[in-house]
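> Let me give you the structure first, and then I'll get to my questions.
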Amino acid sequence: MAKLKAYTLVFKLIKNCSFVLALEMSIACILAVKLGVQLAEISNLKSPVVSALWCTISTIIVMQATWQKSLEAGINRIIGSGFGSAIPAIFLSYFGTGTTTFVACIVTLVVLCSILNKIDSLRLALLTMAVIYIVCKLSNGLNILDTCFSRFIESLLGIAITMVVRSISIPLHTYVDRVIKTNLDYNIPTK
């Protein structure tokens, strides 16, 4: 009986905590860090750490429990990163990195996402804008347009990494789901 309880517990744990998702996330994050640094080096960016960080953040945000949810998160991330990069590119270039500019970027993004019915992308737009603003504010002599463009490209790279890793692992998901379903359906007694 104890063996059956342990067996039941293991399969419930596997079903509730996707070890495949954990493996995917680990691989995707490692790739995001390495490719983010390489992107910064190839592009002669001044902050490879920020590039690696931003690629990894995008990877984590987009990686969801299912392929469909990852795809939806990826689309929202592209939209959010696009808006969140474009608005500060305009505002910071013309008005600098003052607090008023920061607030103007926030208000503009909220209004833009509301008007275009892209509220699901708003948080990501604000996150992108905030990172761009803070990096530009703290780094004297940094080219604002380069920074905005870099954050957008790093977001795209993180999204691409996630989608490639998810695509490659679909057969593994299918196999594990089938094994778990078979074992849960036939080997675990119900009360």
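> I need the full set of residues from the range 32-51 which are within 13 Å of the chain's Cα centre (by Cα) and surrounded by fewer than 21 Cβ atoms within 10 Å (Cβ to Cβ), in order please.
Correct list: 33 only.
> Residues of the range 122-167 being among the acidic types (Asp, Glu) and under 13 Å from the mean Cα position of the chain (by Cα), which ones? Can you show your working first?
Step one: of the range 122-167, the residues among the acidic types (Asp, Glu) are 146, 154.
Across the range 122-167, the qualifying residue is only 154.
> Where in the range 57-144 are the helices (runs of 4 or more DSSP H), entirely inside, with at least 3 residues that are in contact with a Ser or Thr (Cβ under 9 Å, 6 or more places away or on another chain) and without any contact (Cβ under 8 Å) to a residue 60 or more places away in the chain?
Details: elements: 67-95, 99-115, 122-138.
Counting at least 3 such residues, we get 67-95, 122-138.
> I would also like to ask the following. Restricting attention to the range 38-57, does a residue exist that is at pLDDT 95 or above, closer than 21 Å to residue 169 by Cβ and in contact with a Gly (Cβ under 6 Å, 6 or more places away or on another chain)?
yes
> Give just the number: which of (1) closer than 25 Å to residue 163 by Cα; (2) loosely packed, with under 14 Cβ neighbours inside 10 Å; (3) modelled with pLDDT of 65 or more does residue 10 not satisfy?
Unmet for residue 10, out of (1) closer than 25 Å to residue 163 by Cα; (2) loosely packed, with under 14 Cβ neighbours inside 10 Å; (3) modelled with pLDDT of 65 or more: (1).
> Out of everything in the range 87-96 that is within 22 Å of residue 153 (Cα to Cα) and touching a helix residue (DSSP H, G or I) at 6+ places or on another chain (Cβ under 7 Å), what residue ends up being surrounded by the fewest Cβ atoms within 10 Å (Cβ to Cβ)?
93
> Counting only residues that are more than 15 Å from residue 169 (Cα to Cα), surrounded by fewer than 18 Cβ atoms within 10 Å (Cβ to Cβ) and touching a helix residue (DSSP H, G or I) at 6+ places or on another chain (Cβ under 6 Å), how many does the range 59-78 have?
0
The values are calculated or read from the model by the stated rules, or taken from the named source; none is laboratory data. What you see is a predicted model, and the numbers here were worked out from it, not measured in a lab. Please note: Cβ atoms are built from the backbone with ideal geometry, for glycine as well, and neighbour counts cover all protein chains shown.
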